[in-house]
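Participant: Below: one structure in structure tokens.
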Amino acid sequence: MKQDSSAGLKDQFNIGICGMGTVGGGTFTLLQDNQTEITRRLGRSLKVSHVASRRQNPLYDTEGVRFSTDVFAVADDPEVDILVEVLGGTEPALSLIMRAIENGKHVVTANKALIAVHGNAIFAAAKRKGVTVAYESAVAGGIPIIKALREGLAANSIQWLAGIINGTGNFILTEMAEKGRSFAEVLKEAQALGYAEADPTFDVEGIDAAHKLTILASNAFGISLQFDKVYTEGISKVTTEDVNYAAELGYRIKHLGITRMTDKGIEMRVHPTLISDRRLIANVNGVMNAVVVKGDSVGSTLYYGAGAGAKATASSVVADLIDIVRSCGSEARSNSGNVPSLAFDSLRSDIPILKIEDIECEFYLRLSVQDKIGVMAQISRLLTDHGINIEALIQKEPDASQGGDAFVPIVIVTGRVLESQMNKAIAAMEALEQVVEKITRIRIEQFDGEGN
Ligand code: HSE
């Protein structure tokens, strides 16, 4: 390790990168490409001294850099000051990070699943050892949303946040809406572009977004990470029909992660959502991510940018490296920074996370019914019996080409109602003989009439 004796500061920090896939390779390249600018910002340099991956990746010129096939060799390398974990998955990532912490190294990770599920234990271990575990790149790729929540908005009591936080899902919904492309075809393209998770069901079933929402909620409200309490629904059941009806009603369908502080507890939910097409967030398309945060003092703020991909994610990884080095004095390993891992010095454990049944929403309902006299009246009566207001309604003429057995689609927008009450109303409507299919329900968000 080189020391600058005049300033008493260590002038070079050695970085070990574990995983040389999309994000690891992107990080390696960015550190090389922007080396001069980064050194100018820091007044110190960042040098990749050790990389580990299953095999050498011929795409990157790692000559002069120590190479290992065993990632633990990086955690045990006394020359490495900061370990970058970009392997993904639970193991060996979890053991690797714990080993690095035990060895007094700072860690930068892009592993949202690991932070969402094991973050409480990881941060506790890091606190004991006085090192930092930074994870900006775990949420929304290149958007500095963790920094915004932990630092820029630190004066606020956060009221709610909502985000498009899975690029693959947004890419699929956008292509379906704008080009009528099939779900499977677009997913394949997202995989080829390196956006999708190793297991793409994590993207389309909302698990990846739930990991990220868990992390955002903890940083917004100062609560421990509680991934198992997130209500999670994917986009695999969204049809082109629903996308088109939503458009007719002035809405776009987006896959949102939403967390909100209420009098009863905290909402944490990921599901397809109708949003007015006048909102900025409804117009976030392709692989782009966006997060709206409502603070009591600042009001509503919007963060937008690339949510996946090598360069955008590497931007956040390297920003974390820079932050860590800035917080270190002359000793590389002794300073855990000034910002608590989950934004708050003390976490609250007294606020319950609400079950989806206890959350109130407006709803989009699509029913397929027999074309018979009185069906509409029965549906309307059942909704009224359950205290549900009809705000908008579309009923199309039956398709003449299907002859006498044609079914008629009915689309209803309801007023606000508890999910548990909506469940009862849907069960009652589905019990009608004339309702021929399971009713599609998609929640609607108006964001308290706030901007963005
Ligand atoms: N699969 C993720 C996405 C990658 O599509 O957003 C970035 O976390």
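The values are calculated or read from the model by the stated rules, or taken from the named source; none is laboratory data. Since the model is a prediction, treat every value here as computed from it, not as a measurement. Glycine also receives a Cβ, built like all others from the backbone with ideal geometry; neighbour counts cover every protein chain displayed. Accessible surface is based on the protein model in full, side chains and every heavy atom, while ligands, DNA and RNA are left aside. Shrake-Rupley method; radii C 1.70, N 1.55, O 1.52, S 1.80 Å.
Participant: Please enumerate the residues belonging to the range 185-244 that are within 18 Å of Lys355 (Cα to Cα), assigned to a loop (DSSP other than H, G, I, E, B) and away from the ligand (no atom under 12 Å from the Cβ).
Facilitator: The answer is Ser224, Leu225, Gln226, Val230, Glu233, Gly234.
Participant: Here's another thing I want to ask about it. May I ask you to verify whether Val317 is among the hydrophobic types (A, V, I, L, M, F, W, C) and modelled with pLDDT under 95?
Facilitator: No: the conditions fail for Val317.
Participant: Looking at Ala290 and the list (1) modelled with pLDDT of 95 or more; (2) part of a loop (DSSP other than H, G, I, E, B); (3) open to solvent by less than 30 Å² (accessible area, probe 1.4 Å); (4) of a type in the set (Gly, Ala, Ser), which single condition is not satisfied?
Facilitator: Just one mismatch for Ala290, condition (2).
Participant: Does Ile275 satisfy the criteria of being buried (at least 20 other Cβ atoms within 10 Å of the Cβ) and either within 16 Å of the ligand (Cβ to nearest atom) or among the aliphatic types (A, V, I, L, M) (or both)?
Facilitator: The answer is yes for Ile275.
Participant: Residues to consider are Ala113, Ala154, Ala162; find the one that is small (Gly, Ala, Ser) and outside the structural domain of Asn219 (by TED's automatic domain parsing).
Facilitator: Of the residues listed, the single one that is small (Gly, Ala, Ser) and outside the structural domain of Asn219 (by TED's automatic domain parsing) is Ala113.
Participant: Just to be sure I understand, how many residues within the range 154-179 are more than 10 Å from the ligand (Cβ to nearest atom) and either open to solvent by 10 Å² or more (accessible area, probe 1.4 Å) or part of a helix (DSSP H, G or I) (or both)?
Facilitator: 13
Participant: Something else about it: Tell me, please, whether a residue that is in the same structural domain as Val318 (by TED's automatic domain parsing), at positive phi and modelled with pLDDT of 95 or more can be found in the range 88-105.
Facilitator: Within the range 88-105, one or more residues are in the same structural domain as Val318 (by TED's automatic domain parsing), at positive phi and modelled with pLDDT of 95 or more.
Participant: Okay, next question. For Ala138, work out the one condition from (1) within 16 Å of the chain's Cα centre (by Cα); (2) more than 17 Å from Cys18 (Cβ to Cβ); (3) open to solvent by less than 10 Å² (accessible area, probe 1.4 Å) it doesn't fulfil.
Facilitator: Against the list (1) within 16 Å of the chain's Cα centre (by Cα); (2) more than 17 Å from Cys18 (Cβ to Cβ); (3) open to solvent by less than 10 Å² (accessible area, probe 1.4 Å), Ala138 comes up short only on (2).
Participant: Restricting to strands (runs of 3 or more DSSP E) lying wholly in the range 14-131: which have 2 or more residues that are open to solvent by 20 Å² or more (accessible area, probe 1.4 Å)?
Facilitator: 45-52, 66-68
Participant: Being aliphatic (A, V, I, L, M) and touching a residue at least 40 places away in the same chain (Cβ under 8 Å) is true for just one of Ala148, Ala192. Which residue is that?
Facilitator: Ala148
Participant: Could you grab me the full set of residues in the range 186-203 that are open to solvent by 10 Å² or more (accessible area, probe 1.4 Å) and touching a helix residue (DSSP H, G or I) at 6+ places or on another chain (Cβ under 9 Å)?
Facilitator: Within the range 186-203, Leu187, Glu189, Gln191, Leu193, Gly194, Tyr195, Ala196, Glu197, Asp199, Pro200, Thr201, Phe202 qualify.
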